[in-house]
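Quick one: the structure is below, and I'll ask about it shortly.
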Amino acid sequence: MKLSFGDFIKYGLSLLLALGIFWYLYKGQDFEKLLSDLSKANFNWIALSISLSLISHFSRGWRWVITLRGLGYQTSVFRAFLSVLVSYIANLVLPRMGEVSRCLIFQRTDNVPFQKAFGTVVAERAVDLIMVLSAVIFTLFWEMDRLSELLGSQFSGQQDAYQKKLLFLAYLLVPIALVASVLYFFRKKLLEIAFVKKILGFLNGIKEGFLSIMALDAASRLAYLVHTFVIWICYYYMTYVLFFAIPETSHLDWLCGFTVLAMGGIAMAVPVQGGIGVYHYLVSGGVQAYGISKAIGDYFALMIHGSQMLTVLIFGGLALALMLYFANVNQKNKPQTAKNETTL
């Protein structure tokens, strides 16, 4: 893929933003002590968290294969799993590059046309967006009292829990209604703007992706749904089990686990490389709402993010090497192989 000068500026600024937030959050920390404390964490829980993340990645690969098979491509579950790992490596380099690289490399290994593969990935993004929004709304609604400080002064007054929830719904629904009204009344003029056309093109891609899921047979749709829940259950528990890795957070409950999941989901939606900085800030702030000190919150966020980045670098690196090997073998054997013939 070719990147313009503007792309370099955009991605460079996003990286600077990420590093700036990270520096601001940890500028007062003694990194030698921080690393020493990390070495004292219970690595059994960290290993369990990493295992759950790998299960989620494998399930994501399998879910992708279900939609590709619905389009007539008999692809490899194992290679789909490897391509998912490769995509996380790519996201550390350029935000949103993972989806593209995953489809490009799968085109080389399994002969799936890029446009077909990318359409199914857009559908995945839409489904995952719904799951993130569900987690965020559930967390903010049920943990309003705890998170009111994080949300802002308008939620931290003397209102009771019921009033705060009504206020939250108003802040959520009123802007949506206003935006919908503006879009409806000025739709003709808005459709002439290039940026709006780009957004509509993306939304159309999501629509087509959903239609491709709905076009699957009943058994495949059920399998797709099961894998979606497996992915997000693993996402939840891979953070929740890390509460027990250090004594200071071992008392935190399952609702705090949802808070960390929601904060992490928001952070990963921000277009910065690997969620660096933003993830640490939001997750640290989330656990501080449960009475955890800032120092421990920062430490906990670093432990979660660090363990997952280490997982991506190690397993993603191995996956990249394997996928390059499979791509090379596939290209050599292509004249003797039917267009869409692959093996598990």
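No lab work stands behind these numbers, since they all come straight from the coordinates. None of the values given here were measured: they were computed from a predicted structure. Counting neighbours? That spans all protein chains shown, and the Cβs are built from the backbone with ideal geometry, glycine included.
Note down the nm distance, to one decimal, between modelled labels 7 Å out along Cα→Cβ at residue 321 and at residue 293.
Inter-label distance under the simple model: 4.2 nm.
Between residue 93 and residue 141, what is the FRET efficiency for a Förster distance of 45 Å, r being their Cβ-Cβ separation, to the nearest 0.05? Write down the numbers at each step before the final one.
Numbers: r = 36 Å, r/R0 = 0.81.
Using R0 = 45 Å, I get an efficiency of 0.80.
Quick check: residue separation of residue 331 and residue 31 times 0.36 nm, minus the Cα distance between them. What number comes out in nm?
Values: separation 300, 0.36 × 300 = 108.00 nm, distance 4.73 nm.
Full extension from residue 331 to residue 31 adds 103.3 nm.
Say a paramagnetic label sat at a point 7 Å from the Cα of residue 223, along Cα to Cβ; which residues of the stretch 76-112 have their backbone N under 16 Å from it?
Label zone hits: 76-81.
With the Cα gyration tensor of the stretch 52-120 in hand, convert its eigenvalues to equivalent ellipsoid semi-axes via √(5λ) and list them largest first in whole Å.
Working: eigenvalues 64, 43, 17 Å².
Listed largest to smallest, the semi-axes of the stretch 52-120 are 18, 15, 9 Å.
Would you order 69, 96, 63 from fewest to most other beta-carbon atoms within 10 Å of each residue's own beta-carbon? Walk me through the numbers on the way to the answer.
Values: 69 14, 96 11, 63 25.
Fewest-to-most Cβ neighbours within 10 Å comes out as 96, 69, 63.
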